[in-house]
1. Could you check region 83-111 and list, in sequence order, the residues that are under 27 Å from Cys127 (Cβ atoms), aliphatic (A, V, I, L, M) and either at pLDDT below 95 or in contact with a Ser or Thr (Cβ under 9 Å, 6 or more places away or on another chain) (or both)?
2. Output the number of residues of region 45-55 satisfying the condition of being in contact (Cβ under 8 Å) with a residue 12 or more places away in the chain and not aliphatic (A, V, I, L, M).
3. Given the condition of a type in the set (A, V, I, L, M), under 28 Å from Leu6 (Cβ atoms), buried (at least 21 other Cβ atoms within 10 Å of the Cβ) and in contact with a Phe, Trp or Tyr (Cβ under 7 Å, 6 or more places away or on another chain), answer yes or no: does some residue in region 80-93 qualify?
4. From the set of residues in region 27-52 that are of a type in the set (Phe, Trp, Tyr) and either surrounded by fewer than 17 Cβ atoms within 10 Å (Cβ to Cβ) or over 26 Å from Leu68 (Cα atoms) (or both), which is nearest to the chain's Cα centre (by Cα)?
5. Name the residue, out of Tyr71, Tyr94, that is part of a helix (DSSP H, G or I) and either aliphatic (A, V, I, L, M) or within 14 Å of the chain's Cα centre (by Cα) (or both).
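The values are calculated or read from the model by the stated rules, or taken from the named source; none is laboratory data. Bear in mind that the values here come from a model prediction, so they are computed numbers and not experimental data. In this analysis, Cβ positions are derived from the backbone assuming ideal geometry, glycine residues included, and neighbour counts consider all displayed protein chains.
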Amino acid sequence: MDPTALSYPALVSALALLLYFGLGIWVGVARVKYQIMPPKIAGNNQFEQIFRAHQNTLEQLMLFLPSLWLYALFLSPVTGAIAGLVWVVGRLAYAIGYALAPEKRMYGNGISSLALLYLLGTVLWHCGQLVLGSLQ
């Protein structure tokens with residue numbers, strides 16, 4: 001594999017981490033605006049929505065990043081990066097939607113979940129086929 005091709009999933013990984021960093025800044029700004037100082041995480045619904053969007057993105061990153069890289073290594077760095085970019089856009093839509101109203105987070109969640117399921121499901125299928133093929 002051409003090492004240059006790995007720059008695509010690397011760029012998407014960096015964008016995902018930049019999104020997470022930006023959401024962390026948003027939480028910090030919301031802490032000041034709504035006067036919810038650490039270690040408190042409750043007391044204002046708007047703050048809690050922003051905080052949860054940040055925390056949920058962290059939870060999803062633990063699934064997303066390995067799935068992206070496994071897909072890139074075993075299947076296609078470019079296709080993996082495209083699906084990864086869809087995930088990043090979905091997570092951004094999720095965070096904005098959640099901050100506006102909890103029920104508005106579903107579209108972004110759906111987009112990012114489909115991208116993640118595509119990456120992970122395809123890797124599981126492909127690697128499962130490789131393992132089964134090696135047993136014969």
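1. Applying the first criterion (under 27 Å from Cys127 (Cβ atoms)) to region 83-111 yields 83-91, 109-111.
Okay, now just the ones that are also aliphatic (A, V, I, L, M), so 83, 85-86, 88-89, 111.
Within region 83-111, Ala83, Val86, Val88, Val89 meet the criteria.
2. Applying the first criterion (in contact (Cβ under 8 Å) with a residue 12 or more places away in the chain) to region 45-55 yields 46-47, 49-54.
Add one more test, that the residue is not aliphatic (A, V, I, L, M), and what stays is 46-47, 49, 51-52, 54.
Qualifying residue count for the region: 6.
3. Yes, some residue in region 80-93 is of a type in the set (A, V, I, L, M), under 28 Å from Leu6 (Cβ atoms), buried (at least 21 other Cβ atoms within 10 Å of the Cβ) and in contact with a Phe, Trp or Tyr (Cβ under 7 Å, 6 or more places away or on another chain).
4. First pass over region 27-52, keeping only residues of a type in the set (Phe, Trp, Tyr): 34, 47, 51.
Among the residues that remain, those that are also either surrounded by fewer than 17 Cβ atoms within 10 Å (Cβ to Cβ) or over 26 Å from Leu68 (Cα atoms) (or both) are: 34, 47.
Working: Tyr34: 26, Phe47: 21 Å.
Per the criteria, the residue is Phe47.
5. Numbers: Tyr71 fails: either aliphatic (A, V, I, L, M) or within 14 Å of the chain's Cα centre (by Cα) (or both).
Matching residue, one of Tyr71, Tyr94: Tyr94.
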